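The values are calculated or read from the model by the stated rules, or taken from the named source; none is laboratory data. Every value quoted in this text rests on a predicted model; they were computed, and no experiment measured them. Cβ placement follows ideal geometry from the backbone for every residue including glycine, while neighbour counts extend to all protein chains displayed.
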Amino acid sequence: MVTKPDFLGGSGQDHFRPELQVESPEGELYLRFYIPSRQEFALLATGIREVIELSPDKITPIPNASPLLLGTLNLRGRVIWVADLGQFLGEATPLNTDRAEIPVIAIEEQDTIVGLAVEEIGGMDWLDIQHLMASKTMPNTITPFLRGEWIVDAKKNQCLRLLDQTAILRSVRWTG
């Protein structure tokens, strides 16, 4: 904690310094990430329990489980399923698990938690849902889980697609 009054550049009295004012962010906070095909997606931060990067040996494979599932992991004393998000969305290329760490996004609704293994975490951004547009070019395997997309760069045809974590958690794809 700073206790020196001259730190703020004054005599200790309250001064209004516009250059020190922080703009309030617009929209809501989202986590951006990539799946193996380098498509970029986002999830609303309030639906994410936590993001962890862990060694593949921390994920225990389960025999005869769905091919979407990499296995289970112990998340603070609770065993949760970990899925390859790209495979869940219908991507042909499976996640490369032969590496030092795998990013896993633990999403939660009520008492259900699932870990979504992704290629790479892109960061956090404040995004305005009012600029979200309907996606016209997505395969049918993804559309049930898509809320829309933001255009990132129209010239390069780059967009950021917003996933619906509730639809992912409630999907019948988990049952087989």
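Specify the residue that is farthest from Pro103 (Cα to Cα); the eligible residues are those in the range 119-176 that are touching a Ser or Thr at 6+ places or on another chain (Cβ under 9 Å) and among the hydroxyl-bearing types (Ser, Thr, Tyr). Out of the qualifying residues, it is Ser135.
Applying the condition of being within 17 Å of Glu119 (Cα to Cα) and of a type outside the set (D, E, K, R) to the range 49-66 and asking which residue is surrounded by the most Cβ atoms within 10 Å (Cβ to Cβ) yields Ile59. Asp98 fulfils the conditions (1) at pLDDT 90 or above; (2) within 16 Å of the chain's Cα centre (by Cα); (3) not in a helix (DSSP H, G or I) except for a single criterion, (2).
The residues of the range 67-89 that are assigned to a loop (DSSP other than H, G, I, E, B) and surrounded by 14 or more Cβ atoms within 10 Å (Cβ to Cβ), listed by number, are Leu68, Leu89.
Scanning the range 160-176 for residues that are at pLDDT below 85 and either charged (D, E, K, R) or outside any loop (DSSP other than H, G, I, E, B) (or both) yields Val172, Arg173, Trp174, Thr175.
Of everything listed in (1) free of Cβ contacts under 8 Å to residues at least 60 places away in the same chain; (2) in contact with a strand residue (DSSP E or B) (Cβ under 6 Å, 6 or more places away or on another chain), the single unmet condition for Ala92 is (2).
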